[in-house]
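Asks: One structure, as structure tokens, below. Some questions next.
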Amino acid sequence: MRSFFFYLGSLLVGAAFFAFARWLGNDYLFFAGYTVLQFIVLATAWNILGGYCGYVNFGSAAFFAVGSYSSVALHKLGMNVDRYFPESLAGIAKLILPLNVPTLIIIGGIVSGLIGLGTGYLTLRLRGAFFAIATLALAVVLQTLIVNWDFVGGSRGAYIIRPAEVPFIGHYIQYLFLIMLVLSVVAIAVARIIEQSRLGYGFATIRDDELAAEACGVPTLKLKLVATTISGALMGMAGAPFPYYIGYLEPSSAFGLAYAVNSIAMPMIGGTTSWVGPLVGALLLGIIQQVATVTISSAVNLLIVGLLLVGFVIVAPKGIVGLVQDYMRGGARTDGTKTWRSRFAIFANMRPGAR
Amino acid sequence: MAASLLQVENVGKRFGGFVALDGINLEVAQGERVGLIGPNGSGKSTLVNCMCGTLQNETGTVQFDGHAMNGLAAHQRTHRGMARSFQLPRPFPTLSVAENLRIPLLFTAHTRSGRHLTQAESEDRCQELAGLVGLAPKLHRLPRDLTQVEMRKLELARAIAADPKLLIADESMAGLSQSEVGDIVELLIKLNERGITIIMIEHIMRAVMAFSQRLVVLVSGKKIADGKPDDVVNNPEVIGAYLGQ
């Protein structure tokens, strides 16, 4: 029943925002909203590995870029079927290509998920700073590969010319916004399902004490691979529609520092122990950054993130969720009757203590 | 003598140039209560780590319940029925006492029964385990709210939750008062009476003598004595190792 209300609530909130933005008739709301939703997916994906398992990933931008560049590669293939396919296959290829954005998202997720699996496999024995450095190295290696891969534009970048309108929806940005809205609900649902499952408990034991987890029968290496794969796949899915959003993709924008920093800062500020944390952090930071972009300058975005991160690490190391969870959990009456506060604590998976 | 549950043959382990275990042989029968003692640095914990898969032995073999354990990861050995508690309690700090007890139920209990426990069964089992060690009133508290002895009890209860055939209790009584030591010994004997074979590693001789049916002594990575507790503590070699020649 709780899950039903969760999905219903998510869809209603999304539909209300979409209807409001359409009523205002301002496409900028869709542009800004897309970025915020994209950060919700990225922050939630980062939190699956970083928050639930305690493995800090500095290479979020790499997974995001892999999703983006898989779309660029497939888009280019689709636009030049006669050039890249032998005559015998061109007919079949034209039936399939060019692919639509939802399909590209699935493919981007699979490619990034596989890279996540590979990264997990290669870094299985690393922990703490060593794992973080390895993920940073992954981003550098992948960026170097993309810069030197002419097919996707190399260092010059690649243009993606998107259609102006989509039937039944309207402007293409509205279509992209809707897709990212669905994707963010999917990402949050995945995180929420993980938290409430055996997998979530397994991840928590990995974060707390791997040696004790193994002694309790938790297959830690297998679970870490699952976490790196799911996290990588969701980041790639967030990146797949990005070339269509931005129109011109170059390595420095796809591998931008902002993605790596925001993916970490948003869950840290929101709270890493519940699916609510990355959502709240991404909404807060994403909206502040969008407001700052139009009122001051986009150059101050990273400064804002940095200052907020420092502030939260000092004042509220468990993030916003950590600040309110004791209050929420304290809502249960002594006779066991549930109140709205304790119900919310259960809904948001605010377990005892830091969880 | 009952059937052999654990067979450790010629197990050796080095850390660089330091020989931690030098050809250890040990056999433990089903249902036995074995005390494992030795001065600090004698290799007790290394032997436990090699048996449980936390460390891999370089020479020799470990057989458990008729199966070779060499090369198996720690969690796989837990699935086969070998559980341990740690010298320093290692509860999962962000999980409540009940959740700590739930972890082995979620990940291990099904491996031998063939099915996962339902939520209700799992909650009942947590209650039962917490009741067994006297932690029922603190089931929904965090480990940080527990006293030292409660932490040790949680450590033991979590090991038992894996439904083990063999429990290895690594210095479960360090730092406890006399009455608390008595509580833990009583608990371990109670568990043994339920059919769990137990190896207890301990420095507190009063507890070792009260608990053990057999005593094994390690010194500098070698086994120097193995027999009835009264005979072993009067063995001149053991006295020499503890008190100096």
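Asks: Could you tell me the relative contact order of chain A? Use alpha-carbon pairs under 8 Å, at least six residues apart, and round to a whole percent. If you can, show how the numbers build up before the last one.
Replies: Details: 532 pairs, mean separation 97.8, N = 355.
Once divided by the residue count of chain A, the mean separation gives 28 percent.
Asks: Right, here's the next one. First measure r as the distance between the Cβ atoms of B:Lys190 and B:Asp230, then evaluate 1/(1 + (r/R0)^6) with R0 = 25 Å and state the FRET efficiency to the nearest 0.05.
Replies: Values: r = 23 Å, r/R0 = 0.93.
The computed FRET efficiency comes out at 0.60.
Asks: Now a separate question. Lysines within cross-link reach of A:Lys76: Cα-Cα under 30 Å, excluding same-chain residues under 8 positions apart?
Replies: A:Lys94
Asks: Sticking with this one: How big is the antiparallel share of DSSP beta bridges in the protein assembly as shown, given as a percent to the nearest 5?
Replies: Roughly 60 percent of the beta bridges in the protein assembly as shown run antiparallel, per DSSP.
Asks: Fewest first, what order do B:Ser179, B:Ser45 take by the number of other Cβ atoms within 10 Å?
Replies: Fewest to most other Cβ atoms nearby, the residues stand as B:Ser179, B:Ser45.
Asks: OK, next. Identify which of A:Phe58, A:Phe85, A:Phe151 has the largest mean-square fluctuation in a Gaussian network model of chain A, with springs joining Cα atoms closer than 10 Å.
Replies: Residue with maximal mean-square fluctuation among A:Phe58, A:Phe85, A:Phe151: A:Phe85.
Asks: Grab the Cα-Cα distance for A:Ala90 and A:Leu303, subtract it from 0.36 nm times how many residues apart they are, and report the gain in nm with one decimal. Show your work: numbers first, answer last.
Replies: Values: separation 213, 0.36 × 213 = 76.68 nm, distance 4.98 nm.
My answer for the length gained is 71.7 nm.
Asks: Further question: Using only the alpha carbons of segment A:2-347, what is the convex hull's orientation-averaged projected area in square nanometres? Provide the component values of the computation, followed by the final result.
Replies: Values: hull surface 80.9 nm².
Reported value for the Cα convex hull: 20.2 nm².
Asks: With an 8 Å Cα cut-off and a minimum separation of 6 or more residues, compute the relative contact order for segment B:4-243 in percent. Intermediate values should be presented prior to the final figure.
Replies: Numbers: 456 pairs, mean separation 63.0, N = 240.
Here the relative contact order equals 26 percent.
Asks: Further, regarding this structure: What's the tally of Lys pairs in chain B whose alpha-carbon atoms lie under 13 angstrom apart, where the two lysines are 8 or more places apart or on different chains?
Replies: Numbers: B:Lys13/B:Lys44; B:Lys13/B:Lys222; B:Lys44/B:Lys222; B:Lys44/B:Lys223; B:Lys138/B:Lys153.
Count of close lysine pairs: 5.
Asks: Straight-line reach from A:Lys338: which lysines have Cα under 19 Å away, leaving out those fewer than 8 places along the same chain?
Replies: A:Lys338 reaches no qualifying lysines.
Asks: Here's another thing I want to ask about it. Scale the Cα Rg of segment A:1-89 by the rule-of-thumb value 2.2 N^0.38 Å and send over the ratio, two decimals. Can you show the working numbers first?
Replies: Working: Rg = 19.1 Å, N = 89, 2.2 N^0.38 = 12.1 Å.
Cα-based Rg divided by the globular estimate yields 1.58.
Asks: Counting only residues 5 or more places away or on other chains, whose amide H sits under 5 Å from the amide H of B:Leu55 once H atoms are built in the peptide plane?
Replies: Residues meeting the amide H criterion: B:Cys50.
Asks: 7 Å from Cα along Cα→Cβ at both B:Arg115 and B:Gln76: what's the point-to-point distance in nm?
Replies: Taking the simple label geometry, B:Arg115 and B:Gln76 are separated by 2.8 nm.
Asks: What longest range of chain B stays clear of loop-exposed trypsin sites (Lys or Arg not before Pro) (DSSP non-H/G/I/E/B, at most 12 other C-beta within 10 angstrom)? Intermediate results must be reported in sequence, preceding the final value.
Replies: Details: sites that count: B:Arg115, B:Arg194.
So the longest stretch without any such site is B:1-114.
Asks: As an exercise, use a Förster radius of 30 Å and the Cβ-Cβ distance of B:Ser4 and B:Ser220 to find the FRET efficiency, rounded to the nearest 0.05. Mind dumping the intermediate values first?
Replies: Values: r = 26 Å, r/R0 = 0.88.
It comes out at approximately 0.70.
Asks: Are there DSSP H segments in chain A that both extend 24 Å or more along their axis (alpha-carbon positions) and score a mean Kyte-Doolittle hydropathy of at least 0.5? List them, or say none. Please list the in-between numbers first.
Replies: Values: long enough: A:2-24 (33 Å, 1.30); A:27-50 (34 Å, 1.26); A:60-79 (29 Å, 0.91); A:101-122 (31 Å, 1.75); A:129-147 (27 Å, 2.45); A:172-195 (34 Å, 2.07); A:220-239 (28 Å, 1.06); A:276-295 (28 Å, 1.67).
Qualifying helices, which must be both long enough and hydrophobic enough, are A:2-24, A:27-50, A:60-79, A:101-122, A:129-147, A:172-195, A:220-239, A:276-295.
Asks: Place a label point 7 angstrom from the Cα of A:Ser155 along the Cα-to-Cβ direction, then list the residues of segment A:61-91 whose backbone nitrogen is under 12 Å away.
Replies: Within reach of a label on A:Ser155, which here means backbone N under 12 Å from a point 7 Å along Cα→Cβ, segment A:61-91 contributes nothing.
Read-outs throughout are calculated quantities, based only on the coordinates presented, and are distinct from any laboratory measurement. Source: prediction; values computed, not measured. Backbone-built Cβ (ideal geometry, glycine too); neighbour counts: all protein chains shown.
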